[in-house]
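Below: one structure, written as structure tokens.
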């Protein structure tokens, strides 16, 4: 079985006349170590699919297997624990906690897993240094540029040694220079063996991908690679 395998995934929101079907029978296999770019027009279901693959949302119908586990039978708490152990998330809006320093933001996932204070601080420092933020450990998000905040978010995503990174428009709020920095970091992570699944509107960044998934109207219309 593939590292991630989605079988006949359907998802809708609303009820009755307000019901909108967002995903329509999605079938997708992702192998360990791939860099997958999901592309398509706005509203085609890209982010919804990413959220389901990353266990942030659940399908109405269909099955999702990750690392040989049938996640669609898990409880909410089981999904949360599994998600923390196997994956990291990077979002367009960064979602850093403004009352915490960069170091504390990166420590947070490790705190939830019960790691010691000394270990958390040491690893968070190492991760921030790895994204060239060793001189910004005690800065708050509002003291950082957009590119720096996204690099903190990447360090946080790596805190628990994930096998897979889910990235939803990770360069969407950044200028071209800072976007390139983020893509270089993602490429390096992929080169180290981490599986990357990224939603993007920027077609130029699909050059980093080993597989391109094209979506339209809630369906996968083509897979390249």
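Our estimate of slack between residue 216 and residue 57, defined as 0.36 nm per intervening residue step minus the Cα-Cα distance, is 55.2 nm. Taking each residue as 0.36 nm, the span from residue 75 to residue 180 lengthens on full extension beyond its C-alpha to C-alpha distance by 34.0 nm. At q = 0.15, 0.16, 0.17 Å⁻¹, what log₁₀ I(q)/I(0) does a Debye calculation on the Cα points of the chain give, no solvent, two decimals? Each listed q maps to, in turn, -1.00, -1.12, -1.24. Highest mean packing first, where packing is the average number of other Cβ atoms within 10 Å per residue, the peptides 194-200, 50-56, 93-99 line up as 194-200, 50-56, 93-99. The calculated FRET efficiency for residue 188 paired with residue 95, based on their beta-carbon distance and R0 = 22 Å, is about 0.50.
Projected onto their three principal axes, the Cα atoms of region 1-118 cover extents of 50, 33, 28 Å, largest first. Would you mind computing, in nm to one decimal, how far apart the modelled labels at residue 126 and residue 139 are, each placed 7 Å from Cα along Cα→Cβ? Placing both labels 7 Å beyond Cα along the Cβ direction yields 2.3 nm. Placing a label point 7 Å from the Cα of residue 10 along the Cα-to-Cβ line, the residues of region 183-225 whose backbone N sits under 16 Å from it are 218-220.
We did not get these values from a lab; they are worked out from the coordinates using the rules stated. Bear in mind the structure is a predicted one, so any value in this text is a computation, not a measurement. No Cβ is skipped: glycine too gets one built from the backbone with ideal geometry, and neighbour counts run over all protein chains shown.
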